[in-house]
Amino acid sequence: MLLRASQPVSSMRSSDQATPGGGWSPIVELRQYTLRPGRRDVLVDLFDSKLVEPQEQAGMKVIGQFRDLDDPDKFVWLRGFRGMTERAESLARFYGGPVWQANRAAANATMVDSDDVLLLRPARPDSAFTPSGDRPWRKAAAGNVRGFVEVTLLHLNAPAEETEIVSFFEHNVAASARESGGSILAYFVTEASKNMFPSLPVREGEQVFVWFVGFHDRARLERSSEQSVDSTRITAQHLRRPPQVLRLVPTSRSLLHGRSPSCRVAADSPSTSKEDMQ
């Protein structure tokens, strides 16, 4: 997290984290941390035991936290906000508060880089996360494996709204993921608003389309991974660089996991020809 400076906090407006379509969090941060070798479990233990509830008490939603299956020194997590103003307020409340001040040194000591952060918003009103159930308590969650989450990031040449990438995803890629045994958890585009909490940098000036797929087990994840390259290759003319794929294992207290319900819009997505985006 490597917070650079504290900022004053204004009064926090009470709100839930629902989107107009009934999902969670109109604004989402996708945070990828590069860690010091061998320190990931230290950060996961600290995060799950001491940093989840205090962030939510400050007004944000800790949606999910994950180990990267393919990189032992990467920690990935998601948190959501009702809006950009509320994001600045809740971040100031948390990072200026006693819990972060007490644990800041220990958390930052595990990290090499924490600035790989994308600000996202749901691509459709119904394409936000819709996790169900309560967050597992730490003791009850121990040893509880709840599937895998695959994240695909497309770095676009233009804003998603100026392309047909969202429709293409809904008509083709989503169907392919379901055929592989996955469920579409959510999909997002870039939130282009100015970062109102500059003490925590984000990647600005980039255009992305990001989707999340849940899998109940490793076999289904592997089957999908074999097909994902073929699915995204068709969109190559729209991309600045090759797709980035993250294969994630939820921590024991992650609210989002591989068996979370699909987002609302994904359940009824039609299937059309892959020729549409060629």
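The values are calculated or read from the model by the stated rules, or taken from the named source; none is laboratory data. Nothing here was measured: the structure is a model prediction, and the numbers come from that model. Every residue, glycine among them, receives a Cβ derived from its backbone with ideal geometry; neighbour counts consider all protein chains shown.
Take the conditions in a helix (DSSP H, G or I) and either touching a residue at least 24 places away in the same chain (Cβ under 8 Å) or surrounded by fewer than 19 Cβ atoms within 10 Å (Cβ to Cβ) (or both) and apply them to VAL52. Does it pass? It is true that VAL52 is in a helix (DSSP H, G or I) and either touching a residue at least 24 places away in the same chain (Cβ under 8 Å) or surrounded by fewer than 19 Cβ atoms within 10 Å (Cβ to Cβ) (or both).
Yes/no matrix, rows are residues, columns are (1) more than 24 Å from ARG79 (Cα to Cα); (2) modelled with pLDDT under 95:
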site: PRO242; (1), (2): yes, yes
site: ARG247; (1), (2): no, no
site: THR251; (1), (2): no, no
site: ARG259; (1), (2): no, yes
site: CYS263; (1), (2): no, yes
site: ALA266; (1), (2): no, yes
site: SER269; (1), (2): yes, yes
site: GLU275; (1), (2): yes, yes
site: GLN278; (1), (2): yes, yes
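Being closer than 22 Å to LEU255 by Cα, surrounded by fewer than 18 Cβ atoms within 10 Å (Cβ to Cβ) and out of contact with any strand residue (DSSP E or B) (no Cβ under 7 Å at 6 or more places or on another chain) is a property that ASP71 has.
Of the residues VAL149, VAL189, the single one that is crowded, with 19+ Cβ neighbours inside 10 Å, part of a strand (DSSP E or B) and in contact with a Gly (Cβ under 7 Å, 6 or more places away or on another chain) is VAL149. Scanning region 104-119 for residues that are under 23 Å from the mean Cα position of the chain (by Cα) and either in a helix (DSSP H, G or I) or on the phi > 0 side of the Ramachandran plot (or both) returns ARG104, ALA107, ASN108.
Reported count of residues in region 156-175, each being surrounded by fewer than 19 Cβ atoms within 10 Å (Cβ to Cβ) and either touching a Lys or Arg at 6+ places or on another chain (Cβ under 9 Å) or part of a strand (DSSP E or B) (or both), is 3.
Taken over region 36-76, the criterion of being basic (Lys, Arg), touching a Phe, Trp or Tyr at 6+ places or on another chain (Cβ under 9 Å) and more than 28 Å from SER225 (Cβ to Cβ) is satisfied by LYS61 alone. In the set (1) more than 17 Å from LEU248 (Cα to Cα); (2) part of a loop (DSSP other than H, G, I, E, B), the condition left unmet by GLY181 is number (1). Among the residues of region 152-187, the ones that are under 16 Å from ARG259 (Cβ atoms) and not polar (S, T, N, Q) come to 7 in all. Say whether the condition of being of a type in the set (Ser, Thr, Tyr), out of contact with any Leu (no Cβ under 6 Å at 6 or more places or on another chain) and either in contact (Cβ under 8 Å) with a residue 60 or more places away in the chain or part of a strand (DSSP E or B) (or both) is met by at least one residue in region 195-214. No.
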